[in-house]
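The values are calculated or read from the model by the stated rules, or taken from the named source; none is laboratory data. Predicted, not measured: the structure shown is a model, and the values here were computed from it. Ligands, DNA and RNA are stripped out before the accessible areas are found, and what is left, the full protein with its side chains, is counted by its heavy atoms. Shrake-Rupley method; radii C 1.70, N 1.55, O 1.52, S 1.80 Å.
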Amino acid sequence: DEGAEGLGARIREGLAFVLRDRYLPWLVVIGGLSNLGLTGYGALLVLYLVRDLGLTTDMVGWYFTTGAIGGVIGSVIAVPLARRIGTGRLHTVALLAAPAALLVGLPTDRSQVWVSAFGYVLVGTCVVGGNVVRASWRQRYVPAEVLGRTVTAMSTVNFGTMPLAGVLAGWLGSTVGVRPTILAMAGLHVVACWLVVASPLVRLRELPARETASV
């Protein structure tokens with residue numbers, strides 16, 4: 001199939017560019033593992049809220065409505081905050097705030113659900129805010145002639161972990177329990193994001209300009 005072969009070639013070319021670069025491989029690893037954790041606990045969240053915390057369907061609706069506010073906040077504050085403290089610093093702070101995900105699975109009864117909702121809002125704020133900074137930087141950093149292939153390659157890896165996350169979370173949930181699985185998946189997200197500490201990105205006030213990119 002020419003379409004499949006063409007897509008495969010673009011992914012390989014994009015990966016080759018990514019692997020030659022100093023910064024992009026870190027984003028691929030962090031993004032892939034982070035998505036594995038986030039998608040994993042997200043797959044069990046409704047079950048946890050209803051069965052473990054005893055929320056009604058209306059309460060669950062309000063929970064997710066409130067949680068969506070985090071994404072809105074992140075998208076609104078990302079650009080002005082990046083101008084103030086630097087794109088590199090904001091990117092790092094957004095990743096280092098990942099332990100907020102542990103709050104999502106911390107409550108053991110309905111009276112503590114606000115802790116979970118607060119964590120859910122923080123996660124949405126940091127993930128979306130970080131994505132805004134990261135995506136706009138990548139548009140500037142990667143040369144136009146390889147941008148499409150690079151984005152395709154990175155997205156294939158980053159989003160490719162998400163189907164696996166559902167299977168893994170379902171298996172773990174039926175083996176060790178829903179709440180322990182949510183905490184474990186949130187912990188994986190934390191570990192993934194904190195890998196930034198070992199990367200050259202952590203020392204940057206501003207994410208690098210295109211002229212320093214590998215071509």
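Points to keep in mind about this one:
- Global geometry of segment 67-158, whether rounded, prolate or oblate, following the gyration tensor of its Cα atoms and the 1.5 cut on a/c: prolate
- Accessible surface for residue 155 stands near 30 Å², nearest 10, in the context of the full protein assembly shown (1.4 Å probe).
- Between 148, 166, 67, the GNM of the chain built on Cα springs shorter than 10 angstrom shows 148 fluctuating the most.
- Solvent-accessible surface (1.4 angstrom probe) belonging to residue 52, in square angstrom, nearest 10: 50
- Karplus-based coupling profile of segment 69-80, in residue order and whole Hz: 4, x, x, 5, 4, x, 5, 7, 8, 4, 5, x, with θ = phi - 60° in 6.51 cos²θ - 1.76 cosθ + 1.60 and x standing for Gly or Pro.
- Heavy-atom accessible area with a 1.4 Å probe sorts 175, 66, 92, largest first, into 175, 66, 92.
- Cα long-axis angle, helix 113-141 against the chain (0 to 90 degrees, to the nearest 10): 10
- Among 61, 32, 187, the residue with the largest mean-square fluctuation in a Gaussian network model of the chain, with springs joining Cα atoms closer than 10 Å, is 61.
- Stokes-Einstein D (µm²/s) once Rh is taken as the Kirkwood radius of segment 139-215 over alpha-carbon pairs, at 4 °C in 1.567 mPa s: 84
- Correct choice for Kirkwood radius over Cα pairs in Å that was computed from the model, options (1) 18.2; (2) 22.5; (3) 19.3: (1)
- Over the C-alpha atoms of segment 15-130, the Rg to Rh ratio, Rh being the Kirkwood estimate, stands at 1.05.
- Among 54, 88, 129, the residue with the largest mean-square fluctuation in a Gaussian network model of the chain, with springs joining Cα atoms closer than 10 Å, is 54.
- Carbon plus sulfur fraction of accessible area for segment 5-158, probe 1.4 Å, in percent: 68
- Å² per residue, accessible surface of segment 1-138 at 1.4 Å: 49
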